[in-house]
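The values are calculated or read from the model by the stated rules, or taken from the named source; none is laboratory data. None of these values were measured; they are calculated from a predicted model. For neighbour counting, all protein chains shown are included, and Cβ atoms are generated from backbone atoms with ideal geometry for every residue, glycine included.
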Amino acid sequence: MTWFWISSYDERFPIAEDSPASPDEFHSGLIAFREGKLEERQDSPLYTLKGPNKKFVYTLHELPSATRCPLVSQEVCNVISELVSPDQIQYLRAIVKWETKAIQRYSFARPLVWLDALEIDKCEIGWWSLPNISIGDYTYIALKPDCLQGHHYVRIRYLKEVLISDVLKHLLEQFDDGSMCFVRPEDLQSALRR
């Protein structure tokens, strides 16, 4: 079985600051759409959070991210690395800013493996946001049988979400603090529209 890893919509958690002046804005766009390794920045991207529960954020294993690329704790990175080889993932360190505090235990876990895993002729696509690059809206997506091709952590062409194996999902469940959300492919669209 395969799972899409999406951001949690739990109202207890902080949200990413929506600021056009955000230093990581350009970097964030590349995380979701560009294939291959990104050049490491000398200055880690600054990611600003807002919301209630200031102390609660320090305990979370995943933080909200507009990049559709998990922003996870070092502990989660270590577990992913048990199954995913270094040539299949890139960890991009981020500095998370919460008011006056800066937290440095998080990284974007960026898949380097892109697969043609969709059966496009069986998908119900509403529109393309970038023709033949990114699906903008759909009512149903269909994955090919054995779409992971033996991988555990991939990005699918035409979608921004990360797809993971059942094995990796079970490993990540040890960090179940509610910040990580895994949905079955058939439930992806309804989960994203919450």
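Brief remarks follow.
- If you check Ser179, Ser190, Ser134, Ser165 for being hydroxyl-bearing (Ser, Thr, Tyr) and without any contact (Cβ under 8 Å) to a residue 24 or more places away in the chain, only one passes: Ser190.
- Subset tally (residues that are closer than 23 Å to His170 by Cβ, modelled with pLDDT under 95 and not hydroxyl-bearing (Ser, Thr, Tyr)) for segment 78-110: 3
- Members of segment 99-114 that are within 16 Å of the chain's Cα centre (by Cα) and surrounded by 15 or more Cβ atoms within 10 Å (Cβ to Cβ): Tyr106, Ser107, Phe108, Ala109, Arg110, Pro111, Leu112, Val113
- Meets criteria (at pLDDT 75 or above, surrounded by fewer than 16 Cβ atoms within 10 Å (Cβ to Cβ), in contact with a Phe, Trp or Tyr (Cβ under 8 Å, 6 or more places away or on another chain) and in a helix (DSSP H, G or I)) for Glu75: yes
- Residue in segment 131-140 that is under 17 Å from the mean Cα position of the chain (by Cα) and crowded, with 19+ Cβ neighbours inside 10 Å present: yes
- Qualifying residue in segment 159-181 (condition: assigned to a strand (DSSP E or B), in contact with a strand residue (DSSP E or B) (Cβ under 9 Å, 6 or more places away or on another chain) and surrounded by fewer than 18 Cβ atoms within 10 Å (Cβ to Cβ)): yes
- Screening the candidates Tyr138, Tyr91, Tyr106 for the property of being touching an Asp or Glu at 6+ places or on another chain (Cβ under 9 Å), within 26 Å of Leu38 (Cα to Cα) and not hydrophobic (A, V, I, L, M, F, W, C) yields one hit, Tyr106.
- Members of segment 99-130 found to be part of a loop (DSSP other than H, G, I, E, B) and either acidic (Asp, Glu) or touching a residue at least 60 places away in the same chain (Cβ under 8 Å) (or both), listed by number: Glu99, Leu112, Asp116, Glu119
- Taken over segment 138-162, the criterion of being free of Cβ contacts under 8 Å to residues at least 40 places away in the same chain and more than 18 Å from Cys123 (Cβ to Cβ) is satisfied by Gln149, Gly150.
- On the stretch given as segment 78-98, residues that are without any contact (Cβ under 8 Å) to a residue 40 or more places away in the chain and either more than 13 Å from the chain's Cα centre (by Cα) or surrounded by fewer than 16 Cβ atoms within 10 Å (Cβ to Cβ) (or both) total 5.
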